[in-house]
Amino acid sequence: RDQPRSRGLGDVYKRQVSIPAFKGCRGIMVFGDSMYDKYKSGDIIFVRRIESRDDIDYGQCYVVITQEDRYIKNLYESSKGDGYITMVSYNMELNPDGRRKFPDRDIAKSEILFLYKVAGKLRRSQL
């Protein structure tokens, strides 16, 4: 049965499913192209909540939720220091002027309201 819930992923309807490989995870739908073709719009990613901002496995993909937005990005150490992370898109597409369409972005760890590590995905065609 569908139920409205909020756990940092917004007030969306989530359907409970049982997939042994993703036990303890939450499934959310991908929107946008910034992580194409690793994650395509319409894919379902399975995520596990990370409580400590110091438990980031750099180079891995996370869902980062701030007051302003939600991101699916690979996270890296920032040149700004320990209080920051660099969010990097998988999609390296360029604008006509030669700049990246989805540039890297540094954010303060203190801006992160919720952090989820991506454990896996299901393509839209697998549903």
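Some values worked out for this structure:
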quantity	calculated
Dipole magnitude of the range 58-127, debye to nearest 20 (Cβ charges: Lys/Arg +1, Asp/Glu -1, about Cα centre)	400 debye
Protein-only accessible surface order, largest first, of 77, 93 at 1.4 Å	77, 93
Approximate spin-label separation residue 40-residue 80, in nm, with each point projected 7 Å along Cα-to-Cβ	3.4 nm
Estimated FRET transfer efficiency (residue 124, residue 21; beta-carbon r; R0 25 Å; 0.05)	0.90
Overall Cα dimensions of the chain, principal axis frame, Å, largest first	46, 35, 25
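The values are calculated or read from the model by the stated rules, or taken from the named source; none is laboratory data. None of the values given here were measured: they were computed from a predicted structure. A quick note on method: Cβ atoms are made from the backbone with ideal geometry, for glycine too, and the neighbour counts reach across all protein chains shown. Side chains included, ligands, DNA and RNA excluded: accessible areas come from the protein's heavy atoms. Shrake-Rupley method; radii C 1.70, N 1.55, O 1.52, S 1.80 Å.
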